[in-house]
1. Give the relative contact order (percent, whole number) for region 111-199; include only Cα pairs under 8 Å separated by 6+ residues.
2. Given the rule -39500 (n - 2.57) for each run of at least 4 DSSP H residues, summed and divided by the residues of the chain, what is its mean residue ellipticity at 222 nm, to the nearest 500 deg cm²/dmol?
3. Note down the relative contact order for the chain as a percent, whole number, built from C-alpha pairs under 8 angstrom at least six residues apart.
4. Quick one: divide the alpha-carbon radius of gyration of region 112-229 by 2.2 N^0.38 Å and tell me what you get.
5. Need one value: the accessible area of residue 180 in square angstrom, 1.4 angstrom probe, rounded to the nearest 10.
6. Hey, got the Cα dimensions of region 277-318 along the principal axes, in Å, largest first?
7. Expressed in nm to one decimal, what extension gain is obtained for the pair residue 197 and residue 28 from 0.36 nm per residue of sequence separation less their Cα-Cα distance?
8. Kirkwood hydrodynamic radius of region 202-310 from all distinct Cα pairs, in Å?
Amino acid sequence: MKRELKNKLSRRELIGAASAATVGAAMMPASVLAAQEERQSYQVGKDPGKHEPIPNFKFDIEATTGWVGEAGSAKEATIAEFPASQNIAGVSMRLKPGGIRELHWHAIAAEWALVLKGTVRTTVISPNSQAATDVFEPGDIWYFPKGHGHALQNISNEEAHFVLGFDDGHFSEFGTFSITDWMARTPAHLVARNLNLEPATVSNLPKKELYIMPGKIPANALEANLADDLETSQSPHKFRLYKMPAVTFPGGWQRIVTAKEFPINNTLTSVMQYLEPGALRELHWHPNSDEWQYYIGGKARVTVFGAHGRAKTEEFGPGQIGFIQQGFGHYVEQVGSEPTQFFALFNSPVFEEISISKWLAGNPASLIADNFLITKDEVARLPRKTLGIIK
Ligand SMILES: [Fe+2]
Ligand SMILES: [Fe+2]
C-alpha cells in the first residue's frame, strides 16, 4: 500500500511538495533536500487520513448555563461537554451565602478545588472514620480522595465561586452519589430504622436529589460534629496555594503543588501561572500527564503541536478552559496589556516537564548545528537552562 501510493507521485511532485514546505529550500544542500524528500514520500506513503486533525482543545465553560438552583449553580466540563479531556473533568460552582452542596461522594474520582471567591466550609469523612472540617478562602485548594464522603457550604456573606477538578472525565454521569437521592430511593421503614427517625419525619425527607440547597451561615465555622469523639483527620485536606513560595522567571511566576507538598493530593498536580504582558511560556511538554487549564484573568494564545505536521492555536480569556494531551508540545503567548493568570491541573502526583531550552542544552553543539542546519556560532547563542516564562 505504502509503495503503491508512493509510486503514484512523480519525483517532481515529491520535490515540489518538499520544497514548498521549506522556505528557502533552494538554498538547501542536496543532502538536506534528499532527506526532506525521503521523509515527505514516507509520510505520503502512509495513509494521510490516518492522522486526524488535533481535536478541539478549548471550552467556554462559563458561557454555558449548567445547573441553576435557588442557592447556587454548577457548570460542568465532563467528556460530554468537552470530549478532548478524558482524564480530567471540571465544574465551576457558585454558592449563595449559606448555600450548601449537599453530602455526597464520587465513586470514580477524587475531587480537587481552588476557591476564587468567598469562604467555603467543607466536611469530609475517611474510611478509617477520621473526620475533618476545614475553612477555605480564595487561593486555598482542597482534595478529597475518591469515594470519601463530603459536603460544602458557603459561610461568607458574598457569593462563593470555586473551580472543582476531578481525575476522571466521566465523574459526573457515572459517579456522583448524593445523600438525598439515596434516602429517597430507600424504603421509608429502613431509613427510619437506620437513622432512628420517626416515620413521620422520614416521610418529610426530600423525595429526590437536592444537589444544592439554601442553608444558614453558621455562627461558628468550626462547630462541633454530631459525634464529639471522632478522631481528627491525620491527612490535611487543605493547602494554601497562594501562600506558598513561587518559582519566578523574568516573565512571570509559577506555584506548583505536587503530592510532595500536599500529600493527600496523590493523583493530581496543580500549577498556578502568572504571565506579565508580553511574556511567553516557552515551548515544552509533559511526559507523564495531560494539562487542564482554567483562565482566571487576562488573555493568552495557546498553540499545541501534535506531530505529523499538525499544530493548532486557540485564544483564551477568563472563564475558558483548555486541554493539552499528554506528551503534546505546547506554548502559551501572553496577549493584551493585562497580566494573564491561569491554573493548570495535571493528572499525576508528580510534575514532569521538558522545556525546549533545556533539551537543546543537553546536546553537543555539532549535533544541534547539523540538525538545525546552522553554524556553531549560532548554536552558541542557544539558552543553557530552562527559560520557563520568557519576558
Ligand atoms: Fe464533590
Ligand atoms: Fe504545559
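1. 32
2. It lands at -4500 deg cm²/dmol.
3. Reported relative contact order: 15 percent.
4. 1.19
5. Number for this one is 20 Å².
6. The Cα atoms of region 277-318 stretch 32, 22, 16 Å along the principal axes, largest first.
7. 52.4 nm is the gain from fully extending residue 197 to residue 28.
8. About 19.2 Å, per the Kirkwood formula over Cα pairs.
The values are calculated or read from the model by the stated rules, or taken from the named source; none is laboratory data. Quick caveat, the model's predicted, so the values are computed rather than measured. Backbone-built Cβ (ideal geometry, glycine too); neighbour counts: all protein chains shown. Accessible surface areas use protein heavy atoms only, side chains included; no ligands, DNA or RNA. Shrake-Rupley method; radii C 1.70, N 1.55, O 1.52, S 1.80 Å.
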